[in-house]
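Contents: one structure, followed by commentary.
Where a number appears in this text, it was derived from the coordinates with a stated rule and is not lab data. Everything numeric in this text was worked out from a predicted model, so none of it was measured. FYI the Cβ positions are ideal-geometry reconstructions off the backbone, even for glycines, and counts take in every protein chain you see.
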Amino acid sequence: MPIITLAPDGSLKLPEQLRDSLKLAPGDQVSVEIVDGALHVARYVPAKPAKPVKPAKSVPATVVSIPEELKTPMTAIKGVGPKLADILAKKGIATVEDALYLLPNRYEDRRQLKRIAELRPGNSEAFFATVVSAEAQVTKGGRRYFEAIVKDETGSLPLKWFNFHPQFLKKQFTPGRRGIFIGDVAQFGFQREMHHPEVEWAGEGEDIEQVMARDPENFGRILPVYPLTEGVSQKVMRRIMRDTALRYSRYVKEALPEELLRRHRLLSLPVALREAHQPDPAGSLADLNNGRSEAHRSLAFDELFFLQLGLAMKKRGIALEDGISFQVSHRYTKELLKLLPFSLTGAQKRVLSEIKEDMIAPHPMHRLVQGDVGCGKTLVALMAALICVENDYQVAIMAPTELLAEQHYLNIHGYCEKIGISVALLTASIKGKSDTLEKIASGETLIVVGTHAVIQEKVEFHRLGLGIIDEQHRFGVVQRALLKKKGANPDILVMTATPIPRTLSMTVFGDLSLSVIDELPPGRTPIETRMVRESRRREVYSLVREEVGKGRQAYVIYPLVEESEKIDLKAAVQMAEHLAQDVFPDLRVGVLHGRMSAAEKEAVMKGFKAGNTDILVSTTVIEVGIDVPNATVMVIEHAERFGLSQLHQLRGRVGRGSERSRCILLAGDRLSEDGQKRLEVMVKSSDGFVIAEADLQIRGPGDFLGTRQAGLPDLRVADILRDGGVLEQARKDAFALVERDPELVKPGNERLRGELMLRWGKRLELASIG
């Protein structure tokens with residue numbers, strides 16, 4: 001905790017940490033107080049209104065545009081006619097610049113051909129062999145196929161075709177004919193085979209070296225393999241990309257400062273692009289395929305540096321805007337604390353103190369609060385909302401779904417109404433919306449909880465001071481900006497219960513200050529997690545009955561509300577009836593799902609919390625918001641169908657009391673590889689960040705965040721999973737540069753600013769710095 005000391009003249013001397021965080025200047029007035037053993041700034045009055053620092057008007061950004069040569073249409077490349085150009089354009093390749101940034105997704109080693117004994121299943125291989133036999137065949141199931149047996153001095157291999165012209169293949173594959181065979185090696189039982197291979201036939205008397213020498217572009221080198229194959233063969237694609245790289249890569253302009261290129265030993269942009277498409281034959285195949293070659297590292301750094309430069313500028317710009325300097329009187333927060341049956345944790349107090357300092361400062365807050373399930377983020381957000389309200393401003397709380405918005409409303413309106421603060425729920429399905437909108441516009445409603453409906457054009461706030469966004473990763477940057485426009489530079493607080501891995505945090509939330517609530521409330525018990533197969537369902541029901549017999553309660557979670565003919569999943573409504581009538585007729589079974597009204601949901605949840613229900617059958621509506629310490633067991637049906645982060649959120653509904661708690665992942669007897677992996681992670685770990693990292697690895701960034709629009713930057717060459725180390729270094733350098741030259745106006749940096757605007761200006765809403 002910072003220590004405050006008396007200066008020799010009797011005045012208070014503030015610790016440097018506090019002065020720096022508030023950006024105090026001579027004449028500023030600060031009052032502090034100790035609340036629950038923690039130092040809090042209660043009031044901050046600047047000596048005079050802070051003025052935002054404007055970009056230097058005298059030094060405009062150097063205008064940077066794409067060189068005309070890079071705008072050349074693909075029809076300029078030899079062999080690309082209108083038909084092929086259309087196929088490429090549908091895949092996003094309309095110009096030579098588009099083609100340069102379509103990097104190979106892997107590389108094949110064709111420097112030397114393998115022998116049959118060396119062929120590895122799962123790999124694309126090339127080998128030289130002689131045809132032994134070739135005949136049409138029929139499987140036991142009656143399916144026709146053509147099979148050719150080829151051999152070399154180390155063994156033999158069957159080649160198979162399932163869509164074939166028998167006379168053509170029979171004529172081609174005559175016994176004794178030799179050639180190079182290229183394709184993916186598959187393994188079926190103990191037998192390796194190759195389906196539909198490419199063939200380069202040897203001429204009369206030609207040896208292997210002579211065949212390879214005839215086609216130097218496809219043999220004797222490391223070959224790129226491109227993701228675009230539909231309607232275009234790899235051979236044709238390689239030729240197109242080779243010609244493009246050799247003719248046009250020189251027109252790409254290097255944008256990074258020379259000092260960075262030297263310090264990190266990076267290739268220039270044109271050289272890196274050329275080498276990614278035409279790798280050095282002496283290079284490392286492993287480095288190329290792992291994205292660790294000099295070319296890949298250079299391209300990733302270039303892209304990630306400019307992304308981080310944009311985020312650094314954005315973060316700096318937010319800090320320099322005029323904002324609201326809130327005063328902290330604790331008029332409502334003290335009243336709320338009296339109503340709570342528990343005390344705030346140390347982590348909650350620390351994060352609340354960081355939020356208060358942001359709110360007191362004269363520029364807008366832009367902070368992300370991240371914390372695991374059950375850590376108390378909603379309470380911290382409510383405390384921030386009350387500080388805003390006691391300054392006569394309104395608060396908007398936005399959640400991604402109606403269910404989540406309703407949960408927040410049900411959680412906070414009871415407390416708020418007890419201390420005299422009006423709260424309204426605003427979603428697309430709310431009736432009587434005109435009355436709600438009038439009360440928001442007049443300022444009568446002080447806290448508005450809702451979905452995207454909150455940022456619709458017809459919603460007008462009387463005096464919006466704070467916007468709170470829940471599960472930020474489900475919203476795009478646009479939604480965040482629209483919420484901000486509902487007021488005069490209101491403070492923005494975003495929060496997520498989904499732990500965000502560091503690499504994603506640095507890209508999606510790179511312009512936000514970060515607070516982490518890394519402590520659970522006292523009295524929580526570790527949750528034992530087990531995976532149980534469908535065939536052992538009776539054992540699961542016995543466990544539920546045993547817990548209820550001890551006076552405890554249970555959740556049973558289903559993914560759907562009603563049976564669907566298309567998806568073979570058990571649904572909450574029907575299964576609640578089944579459990580109540582056939583399995584637990586002597587117990588009290590309740591049901592909760594998303595199609596119930598807010599009032600119905602509240603009644604069910606209150607009844608469960610009061611102990612009037614033994615088993616609550618629910619959909620994922622209980623993912624957030626329910627805190628029932630007496631619930632000690634959760635059964636999740638079809639657990640393999642849920643994402644890891646969602647399973648972790650659901651599991652967090654138990655373990656909230658002092659009794660031993662268990663989460664049973666009830667899975668089908670046949671699991672996919674990914675399903676098995678997810679459930680094993682859940683059994684092994686209860687750490688949200690470990691689970692999030694595993695989820696990110698299994699699903700990839702796009703699926704992890706939910707949608708492409710969720711703020712994930714559209715990267716052309718970098719991969720935030722693969723290039724995590726490069727990302728960290730690029731971020732460090734970009735933020736250091738903006739620290740030294742906040743407006744990028746020093747000599748040599750104007751071009752950087754222009755390049756930044758060209759690449760990220762629109763996507764990061766950076767138009768104001770140009």
### Message
So if each residue of separation counts as 0.36 nm, and I subtract the Cα-Cα distance between Arg111 and Trp201, what length gain in nm does that give?
### Response
30.6 nm
### Against the rule of thumb 2.2 N^0.38 Å, how large the Cα Rg of the stretch 112-220 comes out
1.06
### Task
Would you tally the net charge around Val628, using a Cβ to Cβ cut-off of less than 9 Å, leaving Val628 out, and scoring K and R as +1, D and E as -1?
+2
### Task
Would you list, by chain and number, the lysines whose Cα falls below 26 Å from the Cα of Lys71, excluding same-chain residues fewer than 8 positions away?
Lys83, Lys90, Lys91, Lys235, Lys253, Lys762
### Message
I want to check a number: in the stretch 112-220, how many lysine pairs have alpha carbons closer than 25 Å, given a sequence separation of 8 or more or different chains?
### Response
9
### Query
What is the antiparallel percent of DSSP beta bridges lying wholly in the chain, to the nearest 5?
45
## Note on the structure
With only helices counted (DSSP H, runs n ≥ 4, each -39500 (n - 2.57)), the per-residue ellipticity at 222 nm for the chain, to the nearest 500, works out to -10500 deg cm²/dmol
### Task
For mean projected area of the Cα convex hull in nm², several values are listed as (i) 39.3; (ii) 36.5; (iii) 41.7; flag the one computed from this structure.
(iii)
### Message
Among Leu666, Ile469, Leu721, which residue has its Cα furthest toward the positive end of the charge dipole of the chain, with +1 on Lys/Arg Cβ and -1 on Asp/Glu Cβ?
### Response
Leu721
### Cα gyration tensor category, rounded, prolate or oblate, for the stretch 527-685 with a/c compared to 1.5
rounded
### Task
Kindly write out, for the stretch 510-517 in residue order, the coupling ³J(HN,Hα) from the Karplus curve 6.51 cos²θ - 1.76 cosθ + 1.60 (θ = phi - 60°), rounded to whole Hz, with x marking Gly and Pro.
x, 9, 10, 7, 10, 10, 10, 8
